[in-house]
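Before any comments, here is the structure.
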Amino acid sequence: MNTMKVWLLMGGLTVLLVLMGNAINGSSGMIVFFMIAVAMNFFSYFYSDKIAIKMTRSYPVSEAEAPDLYEIVRRLSQRAGIPMPRLYVTPSDQPNAFATGRNPSNSAVAVTEGIMRLLTRSEVEGVLAHELAHIKNRDVLVGTVAATMAGAISMIGNVIQWGAIFGLGRGDDEEGGSSMVGALIMAILFPIAAMIIQLAISRSREYGADATGAQIAGSTDGLANALLKLESAAHRIPMRVNPSTSHLFIVNPLSGASMARLFSTHPPIQERVEKLRAMRIR
């Protein structure tokens, strides 16, 4: 199912870019943007984890620098039956975390600088178990590819907007005018398309990762308590993060913004906590 979602995302990106190329420069633009789509699909599949790490400005951390983090992740990875992922730290005081990678053998987990300061050890274990659950359930690829595509579409939309403003497009006046209008329309619509791609990532994957994470950690309390703390902190502590990557995090890092709440990529925290409280760990 997740593999199908990835192919659908890639196919949707190709169609969007081909339409964009047609709006800018007709059939020749379609060919150029089709080639761009092929290249983006290749890099988003094989290098999406590295791109996500770059987009969040995360940096690698060694075991000597974070022995507790390594000990927790190593133990939980063994319980989950997956290889230990690479570990990164995201430079932010807001407590949060995310996982990325195309499969368990090529995965990474990043935690923010603030998470170890706010959460207790059992709560940190709950959060990390949730992220390892995303890896175990093999749904990190979908989210990571979506982040890469959403960022790329937004960026290309901005390029088109400025190109249209400065009159880039078809040569003659009549076609050039219609091209500019079409490009401006695309520049407006494509950031919306990028947001829709993020919203298309099923919220149910968070419920699934919560349930699997609780099983891995051996308790629902740590994750449930952590989610409440993380949501509260997200409203108080701003986080500089590319909006295209917001759906990757365990809690929406932009939840302090009204528009982010309106178009949230995450299910309500209270619902997640209630589902966890109702679980029975076997």
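Miscellaneous remarks
- Counting every other Cβ atom within 10 Å of each residue's Cβ, Lys229, Lys54 order from fewest to most as Lys54, Lys229.
- More than 18 Å apart - percent of Cα-Cα pairs taken over segment 1-101: 64 percent
- Residues Ile250, Ile281, sorted so that the one with the fewest Cβ neighbours within 10 Å comes first: Ile281, Ile250
- Cα gyration tensor shape for segment 52-148, rounded if a/c is under 1.5, else prolate or oblate: oblate
Readers should treat all values here as calculations from the given coordinates under stated rules, not as data from a laboratory. Just so it is clear, the structure is predicted and the values come from calculations on it, not from any experiment. Using ideal geometry, Cβ is built from the backbone for each residue, glycine included, and neighbour counts are taken over all protein chains shown.
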